[in-house]
């Protein structure tokens, strides 16, 4: 049941997000990057991680969220948990691991705010096991939507997709390396978000033309994916299901930090599903959430609200 209000929705349905919660360390150069040299700039530290980022965006839009993740017992872990609580994210099912460091993502950005190079230490994600998920089965079963992050082991990803096939599962593989974990499980995925390279890898096809895009999207639908979103950079996003398809090209947007845009987009897709939006409206809404993220120095725009997203849609689409 979803109750609508003028400034957004309050939902009695919960979204459970299973995956990474990180410390993000981001470096922004003052000038053009010079590789193999020390570049003057500024460094920001903020909470991150795909599932945590999606959860925060959803929480700021009024959605009930529960994060299933793992953090270390030290200062970074406390920082992540404190930020989750302040953002309204449920985190009673986040494991606190005393003998490991929290996940860390370290990125060097270019002058345009896009990632030039990054390194991630996600070792602690291995503590999220099938056995642990079985121990919180009642929490997961109470979900209207499940998001699972392929940073987790292939065994865990497969378990979620196979065990909770009666609940819509949403996945954004984030990279080709992680996409390998879902290549043989596409038929279990309700909603899949990919970039061009990930779509090409999973379908074993190149995307150079609109005909290629249609052919590749048909591959995923025939494999059993219900809803598909393929982000195409400056060319926008292609959306499709059995009923409708199309492309939304967003207006030119100043990029301050692109790190969390993909996660924001996925949050918009989940929100659109909960709100009962059609594919066009969902793609438009998700793109607007991504635009909000691009305009923030942090991975998640702390100013995100439904009113803000609707204003972006009205002004830019």
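Please treat every number below as a calculation from the coordinates, not as lab data. Quick caveat: nothing in here was measured; it's all calculated off a predicted structure. Backbone-built Cβ (ideal geometry, glycine too); neighbour counts: all protein chains shown.
Quick look at the numbers
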{"quantity": "Extended-chain gain in nm, criterion 0.36 nm per residue less alpha-carbon gap, residue 176 and residue 85", "calculated": "29.6 nm"}
{"quantity": "Fluctuation leader among 273, 209, 287 - the chain, Gaussian network, Cα springs under 10 angstrom", "calculated": "209"}
{"quantity": "Ranked list, fewest to most other Cβ atoms within 10 Å of each Cβ, for 155, 147, 163", "calculated": "155, 163, 147"}
{"quantity": "Fluctuation leader among 103, 38, 295 - the chain, Gaussian network, Cα springs under 10 angstrom", "calculated": "38"}
{"quantity": "The chain, relative contact order [Cα under 8 Å, separation at least 6], %", "calculated": "16"}
{"quantity": "Label point distance in nm, residue 138-residue 13, each placed 7 Å from Cα along Cα→Cβ", "calculated": "2.3"}
{"quantity": "Three-way shape call for region 79-235 based on the alpha-carbon gyration tensor, with the a/c threshold at 1.5", "calculated": "oblate"}
{"quantity": "Proxy reagent accessibility, fewest Cβ within 10 Å first, across 228, 152, 161", "calculated": "161, 228, 152"}
{"quantity": "Candidates 266, 100, 122, ranked by Gaussian network fluctuation over the chain, Cα under 10 Å, top entry", "calculated": "100"}
{"quantity": "Tensor-based shape of region 245-288 (alpha-carbon gyration tensor, a/c under 1.5 rounded, otherwise prolate or oblate)", "calculated": "oblate"}
{"quantity": "Residues residue 212 and residue 254, FRET efficiency given R0 of 25 Å [Cβ-Cβ distance, rounded to 0.05]", "calculated": "0.25"}
{"quantity": "For 183, 178, order by how many other beta-carbon atoms lie within 10 Å, fewest first", "calculated": "183, 178"}
{"quantity": "Alpha-carbon centroid distance for the pair region 32-86 / region 190-264, whole angstrom", "calculated": "25"}
{"quantity": "Considering only the chain, percent of DSSP beta bridges that pair antiparallel, nearest 5", "calculated": "45"}
